[in-house]
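Take a look at the structure set out below.
Read-outs: derived from the displayed coordinates by stated rules, not from any lab. All values derive from a computational prediction rather than experimental measurement. As a convention, Cβ positions derive from the backbone with ideal geometry for all residues, glycine included, and neighbour counts pool all protein chains shown.
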RNA sequence: GUCCCCGUCGUCCAGUGGUUAGGACAUCGCCCUUUCACGGCGGUAACACGGGUUCGAAUCCCGUCGGGGACGCCA
């Protein structure tokens, strides 16, 4: 099937980012956000922020506000979005479910979609069999050709169903990736994607295409992980008879080991970077460095502007708007190199005047709010104010690495302790960040794994504070923040695992 | 396993048929310095491999290998 011609070149440029409120705002969102922002600003276009909250099983209520705050923190602003309004709203997909249902009906009516009555369990069982048999896991299309009588019978029964895209057989779909050129997928490799879930909510694929069209998006600039689902989207545009946007798939940010960036191996929460004392300009600059796009200064520029050679790597958002060139983007996935980010941040910090530097400290890591929340944790155990630093160092440290003699419980082996710490991490990830919930979920874990309360909390205390004596643990964790607490635990686990492997 | 994408120093980028393959971070050495940083100077370090095309390939084509992504009623 041939895709329709791309959107008119004359259409006013409109781009969007569409984060999902499932947890902390992600550096990848800031990265793609920056790229979209630059693209729009360079072309006098509009930049839209849309919240994709169609998965209520993963929905985190506090997440949306954190996304707004973090994106504003790095310096991005949007022209339309849930919090600023705009002519194509609502910009929260959960408020648009009627629109998606209508559109699913259109596809049902014009034969581009069909109802599928299998249960999630049945599908899961099928998938497992296929994986076991080493064949690509795919929907078998069983309900693709249900007779009208069967469909009516199921509906009369009140059986829940999903709506699936009817991908034409024995064909292929080709689309143009603006950076890669034409990409073709044989339909044997394109599954009959679920468009509408049995709970009435759309999946990403339907909501995304419908919204991008209704919101007049001209350029879809998103991460590379979406390439393989793009044929589904192209098919959807065609099924609706809509014009295609341009597709730009950006390289995926990577961990040091080159795998897709993940919280296990790298801090990915923007909240973490903010609370740890990274400057937003440095973060934005660093993200702009990844994937190319910024031309390095020519020799003439270096000479004429008296630039230090390293200053080719240092630039502001304004300079990015001026010089960033999407055609220059290199396609290899860039490693998110914390070492270089820290160097960049240091460059920015050192460039501040002493007064500005002091102000930076006072507005972040030494803010009144932070100190005010730490103070009550030490007041009852302090003798002279000079002990404050000794008691609270871990609140201000970038790295806490307790030796084994501190963190390893006397009656526990290295392996079981690490395994338990790993369980603690999982537990804390799922916990809402209040002392009571943290305490009860941790205690439940301890009971299940036969770890005493003392061992349980002492291990965590040692890992987080680097010491076996500290201010109250739970309150400290609250003040230190979920993002940094979890990251500290993750880094501890990674380092221990690495050392354990080296010993083998 | 199947499909798709990608492949220049350890890392991030330059380089688009002719370069001693360049810069930054990291690393190493020297200088500065009471220390540590900062700063300055210098060094180590890469075109994955094999075939083509060409007078000439990092640059173009093919294959191999390697890495990554996707394969959910997640996004």
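Using the beta-carbon distance between residue A:94 and residue A:264 and R0 = 30 Å, what value does 1/(1 + (r/R0)^6) give for FRET efficiency, to the nearest 0.05?
0.55
Indicate the gyration tensor shape class of chain A (rounded, prolate or oblate), computed on the Cα atoms with a ≥ b ≥ c the square roots of the eigenvalues: a/c under 1.5 is rounded; otherwise a/b larger than b/c is prolate and the rest oblate.
Cα axes put chain A in the oblate bin.
As an exercise, take the mean of 1/r over every pair of distinct alpha carbons in segment A:215-280, invert it, and state the Kirkwood radius in angstroms.
14.6
Relative to the longest principal Cα axis of chain A, at what angle does helix A:148-157 sit, 0 to 90 degrees, rounded to 10?
40
Per residue and in cubic angstrom, what volume does the convex hull of the Cα atoms of segment A:41-125 have?
178
Based on DSSP, what percent of beta bridges with both residues in chain A are antiparallel, to the nearest 5?
The antiparallel proportion sits near 55 percent.
With a ≥ b ≥ c taken as the square roots of the eigenvalues of the C-alpha gyration tensor of segment A:347-504, please select rounded if a/c is under 1.5 and otherwise prolate if a/b is larger than b/c or oblate if it is not?
Because a/c hits 1.5 or more and a/b exceeds b/c, segment A:347-504 counts as prolate.
So how tilted is helix A:435-449 from the main axis of chain A? Cα-based, degrees 0 to 90, rounded to 10.
For helix A:435-449, the angle is close to 80 degrees.
Based on DSSP H runs of at least 4 residues, each adding -39500 (n - 2.57), what is the mean residue ellipticity at 222 nm of chain A after dividing by all its residues, to the nearest 500 deg cm²/dmol?
Only helices count here, giving -14500 deg cm²/dmol.
Once you have the Cα-Cα distance between residue A:412 and residue A:367, take 0.36 nm times their residue separation minus that, and quote the gain in nm to one decimal.
12.2 nm
Go ahead and run the numbers for FRET between residue A:125 and residue A:295, Cβ-Cβ distance against an R0 of 45 Å, rounding to 0.05.
The value I calculate is 0.25.
Could you put A:115, A:372, A:16 in order, starting from the residue whose Cβ has the fewest other Cβ atoms within 10 Å?
With the fewest neighbours first, A:115, A:372, A:16 line up as A:372, A:115, A:16.
Is the shape of segment A:176-238 rounded, prolate or oblate, going by the alpha carbon gyration tensor and its root eigenvalues a ≥ b ≥ c, with a/c under 1.5 for rounded and a/b larger than b/c for prolate?
It is oblate, given that a/c is not under 1.5 and a/b is not larger than b/c.
Relative to the first principal axis of the alpha-carbon coordinates of chain A, what is the inclination of helix A:120-132, with its axis defined by its Cα atoms, in degrees from 0 to 90 and to the nearest 10?
That helix lies at roughly 80 degrees to the long axis.
Rank the residues A:48, A:220 as a footprinting-exposure proxy: fewest other Cβ atoms within 10 Å of their Cβ go first.
By the 10 Å Cβ count, ascending, the order reads A:220, A:48.
What is the distance in Å between the Cα centres of segment A:177-218 and segment A:387-444?
First find each Cα centre; the distance between them is then 42 Å.
Provide the three semi-axes, in whole Å and in decreasing order, of the ellipsoid equivalent to segment A:439-491 as defined by the square roots of 5 times the Cα gyration tensor eigenvalues.
18, 12, 11
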